[in-house]
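Notes follow once the structure below has been shown.
Bear in mind these aren't lab numbers, they're just calculated from the coordinates by the rules spelled out. Keep in mind that what you see is a predicted model, and the values were worked out from it rather than measured. Note: ideal-geometry Cβ built from the backbone for every residue, glycine included; neighbour counts use all protein chains shown.
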2 protein chains.
Amino acid sequence: MVQPINHEALGDELVRVVKLLHAARAQAPLPAGLDHSAYPILFVLGRKPHRVSDLAEEIHSDVSTVSRQVAGLVRAGYVDRAPDPDDGRAHVLSLSPSGRQIIREARQRRETWLSGLLADWTPDEIATFTTLLGKFADTLQNPATSTKEPTQ
Amino acid sequence: MVQPINHEALGDELVRVVKLLHAARAQAPLPAGLDHSAYPILFVLGRKPHRVSDLAEEIHSDVSTVSRQVAGLVRAGYVDRAPDPDDGRAHVLSLSPSGRQIIREARQRRETWLSGLLADWTPDEIATFTTLLGKFADTLQNPATSTKEPTQ
DNA sequence: TTGATTGGTTGCACCATGCAAATATAGGGA
DNA sequence: TCCCTATATTTGCATGGTGCAACCAATCAA
């Protein structure tokens, strides 16, 4: 071991960023009939259709919770529910055209927001930050040798 | 304008990291008598004593909510409540010794966790990531020219 | 002293969540 | 083919956390 690296600063910054992003998100305007829990669902469905149980797994929520959330989105017309042709018990959920429109707009708003926010960052900084953030996400997703869990 | 930078990738990674951090935190063991809402309060009080209303502002929660959370922490012995010498209506909340101990341990766990997680990152990568994350937090905290809000 | 203001707590209703029971369908043996 | 068990989903119910509003207590200005 050479010398201990200062992970404390990194931890602090992570907490700070998460907190600030949370605050920023709370300010964001929401399309009619949607609450914040809807976005994860719509984004996941945007990648590909899912069954309720798969969706629940993906979102880390209980199936019953997702079932209710989805019911709302179906009622609002953002999600289509079709019986699974292969399994009469299951339903296949997919984005409706207006659901697709919603996430397109959301993505657009996010991009605009980031553009303004990062106006005086250099392209190089942005690229590096994106890369490292991705690497960090990869590390989180697939912890190689880790054993412990975080706090706050 | 030279060429549009790909903020979409950055947005995606941000969402991904937040989501993964959230999942990781959900796994973390909690000291007796604490729930996750306690940590922000303890950390804020760790910096300096606060009154209930200031705490509420800091946490972005309603005063009544904070009042109840604090009551629990006082009951559990992590927070001391003293009448404000300058204002008989107000209380001054501060960390008790065991409260201080809790956040010391939490910080320690977080550091250990990060050490394991980043075991095969180079010191340089870690340093750069920390710096850029800090810069991003600064930008979020003090948006220079921005107008819009994020999504998801 | 009184009235208006501010700090804090408590009553109440609301909403989201998870567990468990209920329903419906699959699918694998007797 | 007929059960019996397992799985997908929905719904009933209880719980917990939240914010608003009413309330109590103390301050401050007139």
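Using θ = phi - 60° in the Karplus curve 6.51 cos²θ - 1.76 cosθ + 1.60, the 3J(HN,Hα) couplings for the range B:128-136 round to 4, 4, 4, 4, 5, 4, x, 5, 5 Hz; x is entered for Gly and Pro.
How high is the relative contact order of chain A, in percent, counting Cα pairs under 8 Å that sit 6 or more residues apart?
After rounding, I find 18 percent.
Here's how it looks for B:V92: its modeled amide H is under 5 Å from those of B:A82, B:D84, which are all 5 or more places away or on a different chain. Put a dot 7 Å past the Cα of B:E125, heading toward its Cβ, do the same for A:A90, and the two dots end up 3.6 nm apart. Shape summary: the protein assembly as shown maps onto an equivalent ellipsoid whose semi-axes, from the alpha-carbon gyration tensor, are 35, 26, 22 Å in decreasing order. Inter-copy label distances at A:V63, 7 Å along the Cα→beta-carbon direction, one decimal in nm, shortest first? Label-point separations across copies, in nm and ascending: 4.6. Under a cut-off of 16 Å between alpha-carbon atoms, report the aspartates and glutamates in cross-link reach of A:K48, not counting same-chain residues fewer than 8 places apart. Candidates past the 8-residue exclusion: A:E57, A:E58, A:D80, A:D84. For chain A, the longest principal axis of the C-alpha atoms and the axis of helix A:38-47 are separated by about 80°. On a 20 Å Cα-Cα criterion, which of the cross-link pairs A:K19/B:K135; A:K19/B:K19; A:K135/B:K135 come out too long? From A:K19/B:K135; A:K19/B:K19; A:K135/B:K135, over 20 Å: none. Quick one: label points 7 angstrom along Cα→Cβ at B:L20, distances to the other copies in nm, smallest first? Its label point is 2.1 nm from the equivalent points in the other copies.
Dividing the alpha-carbon radius of gyration of chain B by the rule-of-thumb value 2.2 N^0.38 Å gives 1.30.
Summing Lys and Arg as +1 and Asp and Glu as -1 over all other residues whose Cβ lies under 14 Å from the Cβ of B:L55 gives a net charge of -1.
In nanometres and ascending order, the distances from the B:S94 label point to those of the other copies are 6.4 (point 7 Å from Cα along Cα→Cβ). Taken over the range B:4-49, the alpha-carbon convex hull comes to 97 cubic angstrom per residue. Per-residue ellipticity at 222 nm, computed for chain B from helices alone with -39500 (n - 2.57) per DSSP H run of at least four residues, works out to -20000 deg cm²/dmol. Neighbouring Cβ atoms from other chains, within 10 Å of the Cβ of residues in A:115-126, number 5 on average. In whole angstrom, how far apart do the alpha carbon centroids of the range A:26-43 and the range B:1-76 sit? Centre-to-centre (Cα) distance: 20 Å.
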